[in-house]
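The structure appears right after this line, and notes come after that.
The values are calculated or read from the model by the stated rules, or taken from the named source; none is laboratory data. Since this is a predicted model, take the numbers as computed values, not measurements. Here the Cβ positions follow ideal geometry from the backbone for every residue, glycine too, while neighbour counts run over all protein chains shown. Side chains included, ligands, DNA and RNA excluded: accessible areas come from the protein's heavy atoms. Shrake-Rupley method; radii C 1.70, N 1.55, O 1.52, S 1.80 Å.
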Amino acid sequence: MRTYHNYIAGAWTPSVSGRTFENRSPANHDEVIGLFQDSTVADVDAAIDAASRAYATWRLVPAPKRAELLLAAAARLVQQKEVFARDMTREMGKVLEETRGDVQEAIDMTQFMAGEGRRQYGQTVPSELRDKFAMSIRQPLGVCAMITPWNFPMAIPSWKIAPALVCGNTVVFKPATLTPLSAVNFVKVLEEVGVPPGVVNLVTGGPDIGTRMTTHDEVKVVSFTGSTAVGRLVNQNAASEFKRVHLEMGGKNVIIIMDDAQLELAVEGCLWGGFGTSGQRCTAASRVIVHEKVHDAFLEEFAARAKGLRVGNGLDASTQMGPSVSEAQLQTVMKYVEIGKSEGARLVTGGHRLDTGAHARGWFHEPTIFADVSPTMRIARDEIFGPLVSVLRCSSLDEAIAIGNDVAYGLSASIYTRDINKAFQAMRDMYTGIFYVNAPTIGAEVHLPFGGTKATGNGHREAGTAALDVFSEWKSIYVDFSGRLQRAQIDT
Ligand code: NAD
């Protein structure tokens, strides 16, 4: 049994607690992937101290040089992609094709942010006074605490760590306890390409150390991705010290299917959007609103195709949907199946745990669809994070948009239509951070902003150049070369 360590000040170190926790495969819970450090506040303090010391020199490394390390890291990720994808499938269950995509997203983001090493553009503007020069530059903030979930175990850390580093910050990173191996793999790559000691630190463990990371004086930025409930706590904990807090939280995303949609394409989109990653994506299409004229035809085909999805171990090339990530997550899915039934929705397909034969040792659940769902039902409002899709009916685009917007979250939405006017109306009126036309709610690319409105986010965005705004702040600089006192707004 391999034991993995924290990475603090450039050394792989055991926790002072002397304790470890197990990481087990959700497809086969007899398989222990490794033992990881059950860290304490003292470990976090050591990591923050290392990051704080490293910041003094890292912030002075020219950004293009910092970027060279990211480019080297991206190249190494390319070499290791298959190994890292397999590790990820083993530890969190999604199918290999998707974990390869997860590593690829980390590659894309690391490359993109390496490019930002030679940009990070500021503004140069004419001064209102003679012989005076005016410009703005981005400056780093210091130590950044990164707290991440398990569903994108390498992509999400890369979305945070790569922009933080290229801007000149240092990092303390705490992954979810369900996916520490992918975090170790990513940090090891950064170590191997020569990111200096202390610049990136990794500490594994649970909520206690997360709380410390969000309250420690030396932490200047907290970047959190996870549930809305924990995000709220993080926000509150970090508020009193005025830390910059970047939150990416839950979703209840919607696909709208109009009566002029290409139905076969819409079915494909709903299968991928609803059951990809076993429904465990923040952008998962857990609601589908279908125009009444095509509702029955859509539902029949959607249910037949969902029923036919092959559920199993993600390492098996024929598997189309893996397990839920944990027993707790599976229980949540099962609980919502009961809630859906008790609310009066119609169970069209699925609805059961799979726990015999090849499924006996894992947290598997059937792809599940409820129809006749009304917008007030909990299965239409709560984030479930599993293979459960609610199908609702509408009679117009206006109604679909009203239902679509009437949830607490605002991450992603999409519309299937061949009418460009409808597409543009929905694009304008759905209040989400991401919108798709004739594609499902998942499929973001790294060079555009990623994030959501309402209970999904707090106004910041990940990815693209928007991420630089999280990990840098503006300094406006005025250089007066007149040799005399010039008073803005007073002297002309
Ligand atoms: P979670 O909120 O349970 O945990 C997220 C992280 O926070 C973990 O590392 C956890 O250990 C840590 N944590 C727990 N309590 C903490 C505390 N008090 N202080 C600081 N940190 C603490 O979420 P999860 O179950 O790992 O992930 C699923 C959730 O993540 C879903 O709600 C999903 O929508 C969301 N998510 C959102 C996005 C997005 O970009 N909007 C992307 C992926 C996942």
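For every residue, the table says whether it meets (1) more than 20 Å from residue 168 (Cα to Cα); (2) aromatic (Phe, Trp, Tyr); (3) assigned to a helix (DSSP H, G or I); (4) out of contact with any strand residue (DSSP E or B) (no Cβ under 9 Å at 6 or more places or on another chain).
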site	(1), (2), (3), (4)
52	no, no, yes, no
60	no, no, no, yes
71	no, no, yes, yes
78	yes, no, yes, yes
86	yes, no, yes, yes
89	yes, no, yes, no
101	yes, no, yes, yes
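Taken over the stretch 111-170, the criterion of being more than 22 Å from residue 190 (Cβ to Cβ), touching a residue at least 24 places away in the same chain (Cβ under 8 Å) and not polar (S, T, N, Q) is satisfied by 122, 128, 129, 130, 131, 132, 133, 134, 135, 137.
If I ask for residues that are free of Cβ contacts under 8 Å to residues at least 40 places away in the same chain and within 25 Å of the chain's Cα centre (by Cα), which ones from the stretch 328-354 would you list? If you could, list the steps in order and put the result at the bottom.
Applying the first criterion (free of Cβ contacts under 8 Å to residues at least 40 places away in the same chain) to the stretch 328-354 yields 328, 331, 334-335, 338, 341-344, 346-347, 351-353.
328, 331, 334, 335 - these are the residues of the stretch 328-354 that are free of Cβ contacts under 8 Å to residues at least 40 places away in the same chain and within 25 Å of the chain's Cα centre (by Cα).
Given the criteria more than 13 Å from residue 288 (Cα to Cα) and hydrophobic (A, V, I, L, M, F, W, C), does residue 400 qualify?
It is false that residue 400 is more than 13 Å from residue 288 (Cα to Cα) and hydrophobic (A, V, I, L, M, F, W, C).
If the condition is being outside any helix (DSSP H, G or I) and either free of Cβ contacts under 8 Å to residues at least 60 places away in the same chain or among the small types (Gly, Ala, Ser) (or both), then the stretch 280-310 contributes 284, 285, 286, 293, 294, 308, 309, 310. Taken over the stretch 202-233, the criterion of being more than 7 Å from the ligand (Cβ to nearest atom) and either of a type in the set (Ser, Thr, Tyr) or in contact with a Cys (Cβ under 8 Å, 6 or more places away or on another chain) (or both) is satisfied by 204, 215, 219, 220, 221, 222, 223.
Select from the stretch 94-152 the residues that are among the hydroxyl-bearing types (Ser, Thr, Tyr), crowded, with 20+ Cβ neighbours inside 10 Å and more than 16 Å from the ligand (Cβ to nearest atom) and list them in ascending order.
110
Going by what's in this entry, would residue 193 be described as away from the ligand (no atom under 12 Å from the Cβ), buried (at least 20 other Cβ atoms within 10 Å of the Cβ) and at pLDDT 95 or above?
On the way: away from the ligand (no atom under 12 Å from the Cβ): yes; buried (at least 20 other Cβ atoms within 10 Å of the Cβ): no; at pLDDT 95 or above: yes.
No; evaluated as a whole, the condition is false for this residue.
With the condition kept exactly as written, say whether any residue in the stretch 164-177 is more than 8 Å from the ligand (Cβ to nearest atom), aliphatic (A, V, I, L, M) and surrounded by fewer than 24 Cβ atoms within 10 Å (Cβ to Cβ). No, the stretch 164-177 contains no residue that is more than 8 Å from the ligand (Cβ to nearest atom), aliphatic (A, V, I, L, M) and surrounded by fewer than 24 Cβ atoms within 10 Å (Cβ to Cβ).
Given the stretch 330-437, what strands (runs of 3 or more DSSP E) lie entirely inside it while holding 2 or more residues that are among the polar types (S, T, N, Q)? Working first, answer last.
Working: elements: 346-349, 368-371, 388-394, 412-416, 434-437.
Here the list reads 412-416.
When residues in the stretch 1-19 are screened for being part of a strand (DSSP E or B) and open to solvent by 60 Å² or more (accessible area, probe 1.4 Å), 2 of them pass.
Of the set (1) away from the ligand (no atom under 16 Å from the Cβ); (2) in a loop (DSSP other than H, G, I, E, B), all apply to residue 448 but (1).
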